[in-house]
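Worksheet for the structure shown next.
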Amino acid sequence: MDVTLAIVIAVVVVALVFDYTNGFHDAANAIATSVSTRALTPRVALALAAIMNFVGAFLGQKVAHTVSDTISPPQNNHGLLIVMAGLLGAITWNLITWYFGLPSSSSHALIGGLVGSAIAGGVTVSWSTVLEKVVIPMFLSPFFAFAAGFVAMLAVLWIFKRSSPHRANRGFRIAQTISAAAMALGHGLQDAQKTMGVIFLALVTGGYVASEEAGGELPLWVIFSAAAAISLGTWAGGWRIMRTLGRRIIHLDPPQGFAAESVAASVLYTTAYVYEAPISTTHTITSAVMGVGATKRLSAVRWGVARTILTAWVLTFPAAAAVAAVSYWILHLITRL
């Protein structure tokens, strides 16, 4: 087998492993609120999320191209090692934060990993893409989701202020089936595309597909395999993170869960189709949960837990970049030997 082809296959396999870890790491983000309010049972919620993640992966490619445009590795084996190291950095950080139950961002872990390996490998990083499509949304999305969640919950409270609490909760539990499905669909739309972007980058780097500028398109098998991997990862579940989002930040009721999921889903669709930005599902839903919870009183939100999550958010980009850089040096040393 040709060495370049072997490396490309290895990169594709590692990318799908990342996609799988993304599924069980971030699946909880889409369904934790529905499970915590008992709108859905855990098994039903996981099945719903797995199906909607699979479908969502087929709804667009803009985010995938943004990810593939982040770095410009040379079209040789050295470039493929850089892509591989970036994936290893992202996977390592995903596993660390999953183990400790911290809902960090797989999106920023992936971009951070690619940037870290690119710097270590001495290749070009598209800092304008990183700044406009990653860093700025990384800081703005939590504030927007928090504010939108707060406003949406106030609207729900005002509209249903004369309704029977029992009837309202029952109705919102039913409505949460729709909002949870929309959230999971948005997760598939956003996160599966990130893996597609990395695989596309590897194929271009290996010379097996033309670049986007040259008219190259994502092969169907890439879309299908990324959709399947994230769906299978979702079915594996993310119980540690589900507990953090569903209970440790604030105890949610059905109206709060519906408001948080609806706001988060809206942000995911808008950023994917309008801004082509790989927004963080984690940042979005967590901030929305805190926003709706703050309508009770600010002390209702467990800010100590929120502070821990914020620390994980801040560390994600540089930590994944550092691990990716070390991974690159190790891979480079192995190939030299």
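Quick notes on this structure:
- Summary value for region 35-134: 32 percent relative contact order, contacts being C-alpha pairs under 8 angstrom separated by 6+ residues.
- Shown here is the pair-distance distribution of the chain: with all Cα-Cα distances grouped in 20 Å bins from zero up to the longest one, the shares run 35, 53, 11, 0 percent.
- Rounded tilt (10° steps) of 254-270 against the dominant C-alpha axis of the chain: 30
- Reachable lysines, given that their alpha-carbon falls under 21 Å from the alpha-carbon of Lys194 and they are not under 8 places away in the same chain: Lys62, Lys133
- DSSP loop trypsin sites (Lys or Arg not before Pro) with at most 11 other Cβ within 10 Å excluded, longest remaining stretch of the chain: 1-160
- For the chain: relative contact order, % (alpha-carbon pairs under 8 angstrom, 6 or more apart): 38
- Counting every other Cβ atom within 10 Å of each residue's Cβ, Leu87, Leu310, Leu110 order from fewest to most as Leu310, Leu87, Leu110.
- Distance between the 7 Å Cα→Cβ label points at Leu310 and Leu140: 2.1 nm.
- Anchor Lys296: lysines whose Cα lies under 23 Å away (excluding residues fewer than 8 positions away in-chain): Lys161
- Computed over the chain, the per-residue total of -39500 (n - 2.57) for DSSP H runs of n ≥ 4 gives a 222 nm mean residue ellipticity of -24500 deg cm²/dmol, rounded to 500.
- Annotation: extensible slack from Trp221 through Arg170 equals 14.2 nm (criterion: 0.36 nm per residue apart, minus Cα-Cα distance).
Computed from the coordinates by the stated procedures, all read-outs in this text should not be read as laboratory data. Here the structure is a predicted model, which means the values were calculated and not measured. In this analysis, Cβ positions are derived from the backbone assuming ideal geometry, glycine residues included, and neighbour counts consider all displayed protein chains.
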